[in-house]
Amino acid sequence: MNLFRTKSIEQSMADADEPGRQLKRSLSTWDLMIMGVAVAVGAGIFSVGAKAAANFAGPAVTVSFAVAAVTCALAIMCYAEFATAIPVAGSAYVFTYATMGEVLAWVIGWNLILELFTAAAVIAKYWGIYLSKVFALMGVEIPPALSLGGVDLYWGAFLIVAVFTVLLVLGTKLSARVGNIFTLIKIGVVIFVIVVGFSYVKFSNYTPFVPASEPTAGTGAADVMKQSFFGFLTGAAPAQYGTLGIVAGAALVFFAFIGFDVVATSAEEVKNPQKTLPRGIFGGLALVTLLYILVSLALTGMVSYKQLAEVENPTLTTAFEAVGNTDAAKIIAFGSLVGLTTVIMVLLMGLSRVVLAMSRDGLLPRALSKTSEKRATPARLQIICGAAVALVAGLTNVDLLEEMINIGTLSAFVMVSLGILVLRKKRPDLKPAFRVPFGKVLPIVSAVLCLYLMTNLAVETWIFFAIWLAIGLGIYFAYGQRHSRLNDKFAGAKAAVNGPARSSDDDLDDDKDALTKV
């Protein structure tokens, strides 16, 4: 059993052209850039910054956003180099398969499923809640959940997932066009909120910019479970603010940058990927970072972080209510609803593409990788993913696993960053259109930063993550390892080497060479 067998880049490219399992190249640089903004700028822009400022970083939440943005940019550079070298669906899963071996590729693919599935389910549920809020602001009371036999059914989640599942089945380009319209609308809403917010800024609210560290109120077991894993390992008492608060804030707001790795999963559907992918990914990241920093500056300038900390779940609406502008709540509610809409679309697409890549390789049932002859989309798989997301979002308390999204993404970022070093050593002949600058330095820095942000997530998140990995490895050894197409090729080559009918020693050497390559 060779758990670290790798799949050649040439084989990955060939599999992408397999009849009946192909995707259509239809996306442009503009589509990718808007896709990145679409998945990153959601309701989180109106809430995650407020939570990080109130509970972790104070006014220095802008630094938290900058740290998260730099970390994301470093990792995305590695994604861009990989994606221009291997422009196929699957993102970090495919990259890891080509460099570090099958079992690690499975782990990363399994983590990507965790990230995308959980994020899509959580956000679909919130979309339904925000829809009810928008109706309430218009004077129409529609509950976000219906009680059926003692079970709360979040009907909005079923509605939005169904709509975008249908659009994605009809075609990636059509979905991108609809997403572009919604994304431009929400950018307009965010700019409006920034402009109005800056009109209420008081510079005294920025002092102290980095609040002094102070212990958190709780001391029980529940509080320990909520503290950072880094603090747990070092024995530090649970605390907030200070320098470590900025880093903890960065680990939280990193959620706002999740999605740019999803853009890389669309590599197989991009026209001229060598040029289009880097431009689209970095253009979207730059715009998102600018918007987040401006929103956080407006937020912490409008009200003191102490005021935000007094509220259980502070949002940008909290700040506008504190300065007496309650009308802004309507704009923010509408912006949140529009923002979440496009996020769900991109996550559903990314989820199906990761599962598609894994099923092509036989690690998941091969039937899932079939695409529509007419529209070249994985219609059957997209429907399955949509149905699963809708059921979990509509019937469970999935928001309890919100931090699992971050840890799944960061683990993939670590592997991709290290994988670049392996790829360069194994395949020096490759000449990708984009290459991470400064040699080995930036990929290593990226891996270290991502790993450090992972340790700043809560202890309970790491426990859930360990359980998820254990389940994933169980599935791999029970099904994936035995049904892997690479396993079949490896076994075939081995049988050829050991077979009785050999014409010469030269033939035997040729077969051994083939086995080594596999």
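Scanning the range 73-91 for residues that are of a type in the set (S, T, N, Q) and surrounded by 24 or more Cβ atoms within 10 Å (Cβ to Cβ) yields a total of 1. Taking the criterion of being within 22 Å of TYR476 (Cβ to Cβ) and among the hydrophobic types (A, V, I, L, M, F, W, C), the residues of the range 326-384 that qualify are LEU351, VAL354, VAL355, LEU356, ALA357, MET358, LEU363, LEU364, ALA367, LEU368, LEU381, ILE384. Residues that are more than 18 Å from TYR97 (Cα to Cα) and open to solvent by less than 50 Å² (accessible area, probe 1.4 Å) within the range 424-436 comprise PHE434, VAL436, listed in sequence order. So which residues in the range 299-349 are under 30 Å from ALA212 (Cα atoms) and not in a helix (DSSP H, G or I), if there are any at all? Those that are under 30 Å from ALA212 (Cα atoms) and not in a helix (DSSP H, G or I): VAL303, SER304, GLU310, VAL311, GLU312, ASN313, PRO314, THR315, VAL323, GLY324. Does TRP127 qualify as being within 30 Å of the chain's Cα centre (by Cα), open to solvent by 50 Å² or more (accessible area, probe 1.4 Å), modelled with pLDDT of 85 or more and hydrophobic (A, V, I, L, M, F, W, C)? Here the answer is no, as TRP127 does not meet what is asked. When both residues are 6+ apart or on different chains and their Cβ atoms are under 7 Å apart, which pairs have a first residue that lies in the range 406-423 and is farther than 13 Å from PHE95 by Cβ, and a second that is open to solvent by less than 10 Å² (accessible area, probe 1.4 Å) and among the acidic types (Asp, Glu)? Going by the 7 Å Cβ cut-off, the qualifying pairs are GLY408/GLU115; THR409/GLU115; THR409/ASP261. Which of the residues that make up the range 412-422 are over 22 Å from VAL67 (Cα atoms) and either open to solvent by 10 Å² or more (accessible area, probe 1.4 Å) or not in a helix (DSSP H, G or I) (or both)? Hits for the range 412-422 are LEU421, VAL422. Among the candidates THR342, THR326, the residue that is among the hydroxyl-bearing types (Ser, Thr, Tyr) and within 25 Å of ALA119 (Cα to Cα) is uniquely THR342. The residue of the range 152-169 that is nearest to ILE123 (Cα to Cα), among those that are open to solvent by less than 20 Å² (accessible area, probe 1.4 Å) and of a type outside the set (A, V, I, L, M), is GLY156.
With respect to ILE332, determine if the residue is in contact with a Phe, Trp or Tyr (Cβ under 7 Å, 6 or more places away or on another chain), open to solvent by less than 10 Å² (accessible area, probe 1.4 Å) and within 18 Å of SER175 (Cα to Cα).
Values: in contact with a Phe, Trp or Tyr (Cβ under 7 Å, 6 or more places away or on another chain): yes; open to solvent by less than 10 Å² (accessible area, probe 1.4 Å): yes; within 18 Å of SER175 (Cα to Cα): no.
Against the criterion (in contact with a Phe, Trp or Tyr (Cβ under 7 Å, 6 or more places away or on another chain), open to solvent by less than 10 Å² (accessible area, probe 1.4 Å) and within 18 Å of SER175 (Cα to Cα)), ILE332 does not qualify.
Of the set (1) under 18 Å from the mean Cα position of the chain (by Cα); (2) over 30 Å from PHE464 (Cα atoms), all apply to THR377 but (1). Can you pull out the residues in the range 158-178 that are farther than 18 Å from TRP30 by Cα and among the polar types (S, T, N, Q)? THR165, the sole residue that qualifies. Any residue that is open to solvent by 50 Å² or more (accessible area, probe 1.4 Å), more than 17 Å from the chain's Cα centre (by Cα) and polar (S, T, N, Q) - is there at least one of those in the range 336-356? Checked the range 336-356: no residue is open to solvent by 50 Å² or more (accessible area, probe 1.4 Å), more than 17 Å from the chain's Cα centre (by Cα) and polar (S, T, N, Q). Across the range 241-291, the qualifying residues are those that are crowded, with 21+ Cβ neighbours inside 10 Å, of a type in the set (Gly, Ala, Ser) and more than 15 Å from SER64 (Cβ to Cβ), and the one among them that is nearest to the chain's Cα centre (by Cα) is GLY259.
THR84 falls short on exactly one of the conditions (1) β-branched (Val, Ile, Thr); (2) closer than 22 Å to ILE108 by Cβ; (3) touching a Ser or Thr at 6+ places or on another chain (Cβ under 9 Å), and that condition is (3).
One residue stands out in the range 426-478 among those that are under 18 Å from ALA412 (Cβ atoms) and part of a loop (DSSP other than H, G, I, E, B): the one that is nearest to the chain's Cα centre (by Cα), namely LEU457.
Of the residues ALA367, ALA376, ALA387, the single one that is part of a helix (DSSP H, G or I), open to solvent by 10 Å² or more (accessible area, probe 1.4 Å) and over 20 Å from TYR93 (Cβ atoms) is ALA387. Step by step: first the residues of the range 13-72, then only those that are open to solvent by 30 Å² or more (accessible area, probe 1.4 Å), of a type in the set (Gly, Ala, Ser) and at pLDDT below 80, then the one that is farthest from VAL134 (Cα to Cα). Which residue is that? Among them, the one singled out is GLY20. If you go through the range 136-165 and keep only what is under 15 Å from VAL392 (Cα atoms), without any contact (Cβ under 8 Å) to a residue 40 or more places away in the chain, part of a loop (DSSP other than H, G, I, E, B) and not small (Gly, Ala, Ser), you end up with nothing.
Looking only at residues in the range 192-201 that are part of a helix (DSSP H, G or I) and touching a residue at least 12 places away in the same chain (Cβ under 8 Å), which one is farthest from PHE164 (Cα to Cα)?
First, the residues of the range 192-201 that are part of a helix (DSSP H, G or I): 192-198.
With touching a residue at least 12 places away in the same chain (Cβ under 8 Å) added as a condition, the list becomes 192-194, 196-198.
Working: PHE192: 27, VAL193: 27, ILE194: 29, VAL196: 32, GLY197: 33, PHE198: 35 Å.
By that ranking, first place goes to PHE198.
The values are calculated or read from the model by the stated rules, or taken from the named source; none is laboratory data. From a predicted model like this one, the values you see are computed outputs, not experimental measurements. Positions of Cβ are generated from backbone atoms using ideal geometry, with glycine treated the same way; all protein chains shown enter the neighbour counts. Just the protein is used for accessible areas: all its heavy atoms, side chains included, with ligands, DNA and RNA removed. Shrake-Rupley method; radii C 1.70, N 1.55, O 1.52, S 1.80 Å.
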